[in-house]
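Notes for the one structure printed next.
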């Protein structure tokens, strides 16, 4: 608790921290509401912007963007049936139907309060789980870290049984990008293709900017006949909050969805989209008589509380173990690196102020969502959603190249950004998941060094990876994550055959 | 086999070739340096082969080249490469403004005033933020002060 107090003091005694919490959250709401932009792109592009900032201030801004964008996506999902972010896909099902019935303001109010609830609970989970897990991580040796990384990759690869081969390929691509450069063990140059620039490896920040920022620009530019602007005129919709009776009705949905969001968020590699679908499905199972999909408050409450629950909890494995919970938290890893902070137990021991400031920032930004969403929805949304796509895309491109250069003051990083922009675009066209690739890239170095240390420890006998207790648990979880979707898919095809 | 199918198949074929390259280079690496790359190569090869077989067994295509303006993509890539080459010679402000003007035009905006004003405004804001407020060095060339 004393350490948490450090974080509270760090934020509340520094006006810049408070200011950037507000600015970051508002920027996140704007970016989240705009289809085509999301928190990962924005954070990737703005990380170099945080260079000269105090780490705590930088984390306030990034936490605000992450939390804000997650909620902002619901605005365009409800008003236009175009989810601003992947996390708002499910919100569009009931949210837009409510808007068509003239209950758009109420849908926005439910989305806001659900997001605040989910986000605040997740911040408390982060506050208590991350330091606790970091202490347990002291029991982790090289075999445990290797198995943890394997489990993280297995969880994301196995999430969608129909796309396992594509997930495996994206994972292999990410692992390959992590081994480019001089090997940390033997100092041997690997896969640099004779380029001096690649000797240091592929820098994370320019790669993130290319994969998420530049590839999104390519997606806009590929449209034949020029960029189609948004032509719909959106009436100004005033937010309306639910009454007490409705709060009592949706509270169990909030609890249920927040638990799902927290569990999914903590699993390394699992994404927000999975959490929102699971929460919505569970809500349908818990309330089978309710007409989900026709415009009911419960249909908005479930996904919105789940997706904001993921924001804080996805930081737990990152801060405690150095394993990102999802692509957005992988971006935080880049921010931590830029500020010279190492994740894991050392973070809480050696740099408690910025670590706890980050945790408190998530809590504060989740609370700030309430007043800022009122301002955004009532006064800004209809203007933001009319922003010309040409100007917005051009802005993103300029931010991308500026950020890529500024990350290390090296024009070669712009080349890396362009190259990964093309890689990202090709991956998008072939439906190869970029989140898996980024996760594998981040985990790759850690995996290799821990694997080689394990080989040395065990004299080449790899049975160590399944005989040590924590390794055994992680190996069992890995097997479950990989086998469960295959078994479920086989059961489903048997049922379909019987029905036929 | 139509053009879209050939383009779709090119991706797994490329990764099969890449995995073979990774494996061959890994064999030449000393000691244990090649172990992890070999594991990656095997994973990449196996998944690419599975994807290739699935693609060859189906006639459906997820890529549709008729809906993609390839020329636009090539042009913006060339513009970015030129930008990377000239930024240190010409300076951040001039090179980024030129890139901004070109990209705004390529994206379809035709109002000449807006094509110039928006990029200039954005670049100036970023310049002030990065160079003056945050002390992040940006190449200035002959505009240095």
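Nothing in this text is a laboratory measurement; each read-out follows from the coordinates by a stated rule. These numbers come from a predicted model, not from an experiment. Cβ placement follows ideal geometry from the backbone for every residue including glycine, while neighbour counts extend to all protein chains displayed.
Quick rundown of the values:
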item: Helical mean residue ellipticity (222 nm; -39500 (n - 2.57) per DSSP H run of 4+; nearest 500) of chain A; result: -23500 deg cm²/dmol
item: Degrees between helix A:412-429 axis and first principal axis of chain A (Cα, 0 to 90, nearest 10); result: 60
item: Fraction in percent of alpha-carbon pairs per bin - 10 Å, the stretch A:315-391; result: 17, 35, 23, 21, 5
item: Pair-distance profile P(r), taking every C-alpha pair of the stretch A:307-459, with 10 angstrom steps and integer %; result: 9, 25, 34, 26, 5, 2, 0
item: Alpha-carbon spread of the stretch A:1-159, three principal axes, descending order, Å; result: 56, 44, 30
item: Shielding by partners, peptide A:438-448 (average Cβ within 10 angstrom, other chains); result: 1
item: Packing-based order for A:429-436, A:241-248, B:48-55, A:89-96, using average beta carbon neighbours within 10 Å, highest first; result: A:89-96, A:429-436, B:48-55, A:241-248
item: Between helix A:389-406 and chain A: long-axis angle, C-alpha atoms, 0 to 90°, nearest 10; result: 30
item: For the stretch A:130-190, convex hull volume per residue from C-alpha positions, Å³; result: 116
item: Principal-axis tilt of helix A:89-100 within chain A, Cα atoms, nearest 10 degrees; result: 10
item: Approximate shape of the stretch A:387-483 as ellipsoid semi-axes (Cα gyration tensor, √5λ), whole Å, largest first; result: 40, 19, 11
item: Shielding by partners, peptide A:413-420 (average Cβ within 10 angstrom, other chains); result: 3
item: Largest-first principal axis extents, alpha carbons of the protein assembly as shown, Å; result: 67, 65, 62
item: Partner chain coverage, peptide B:26-32 - average Cβ within 10 angstrom; result: 4
item: Peptide ranges A:306-313, A:15-22, A:183-190, A:59-66 listed from the most packed, as the mean C-beta count within 10 angstrom indicates; result: A:306-313, A:59-66, A:15-22, A:183-190
